[in-house]
1. In percent, what relative contact order does the chain have, based on Cα pairs under 8 Å that are 6 or more apart in sequence?
2. May I ask you to compute the full-extension gain from residue 5 to residue 103, defined as 0.36 nm times their residue separation minus their alpha-carbon distance, rounded to one decimal in nm?
3. Would you order 13, 76 from fewest to most other beta-carbon atoms within 10 Å of each residue's own beta-carbon?
4. At 0.36 nm per residue, and after removing the present C-alpha to C-alpha distance, how many nm does the segment from residue 60 to residue 95 gain when stretched out fully?
5. Describe numerically, in nm with one decimal, the distance between label points set 7 Å from Cα along Cα→Cβ at residue 150 and at residue 124.
6. If you rank 146, 128 by fewest surrounding Cβ atoms within 10 Å, what's the result?
7. Just one of (1) 14.3, 44; (2) 16.1, 47; (3) 15.4, 46 is Rg and Dmax of the Cα atoms in Å as worked out from the coordinates here. Which one is it?
8. Once you place label points 7 Å from the Cα toward the Cβ at residue 42 and residue 135, how far apart are they in nm?
């Protein structure tokens, strides 16, 4: 079951579900998230059965970011989440991105995860796409977990980008 406006608002106020959140960003069944820090990938990466090597990244200092056709960047949200053990969350692109030929690459947000969220953005279109830090770019949607869950304890806990 997807949480609606009133339940999200209650969890934000009572359980600190999302920190650094303008209340107007809570919608009917999700919350708009804003661009925080933006990063460029600077090296190769590797994912093997017994080895994981993450790429080196470089933070882009500009407030306004130009995303060229085919370019891929990492975005860290301005907000921090505190997902309780009875919820899971999904991030989706806002519809303006789809209309602009831009897509977000997101992952499941596990019960127990705490921190900023990191996702990829890629310009699949043929034209430049410009966005600004602080702009609403994604929507997070929360669902209840049935049964006992296992809380996240992975390497990205706390909001580590890489």
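Nothing in this text is a laboratory measurement; each read-out follows from the coordinates by a stated rule. Keep in mind it's a predicted model, so treat the numbers as computed, not measured. Glycine also receives a Cβ, built like all others from the backbone with ideal geometry; neighbour counts cover every protein chain displayed.
1. 29
2. Length gained, residue 5 through residue 103: 32.7 nm.
3. Fewest to most other Cβ atoms nearby, the residues stand as 13, 76.
4. On the way: separation 35, 0.36 × 35 = 12.60 nm, distance 2.45 nm.
Contour length minus the Cα-Cα distance gives 10.1 nm.
5. According to this spin-label approximation, the distance is 3.2 nm.
6. Working: 146 8, 128 12.
Listed from fewest to most nearby Cβ atoms, that is 146, 128.
7. Here Rg and Dmax of the Cα atoms in Å agrees with entry (2).
8. 2.5
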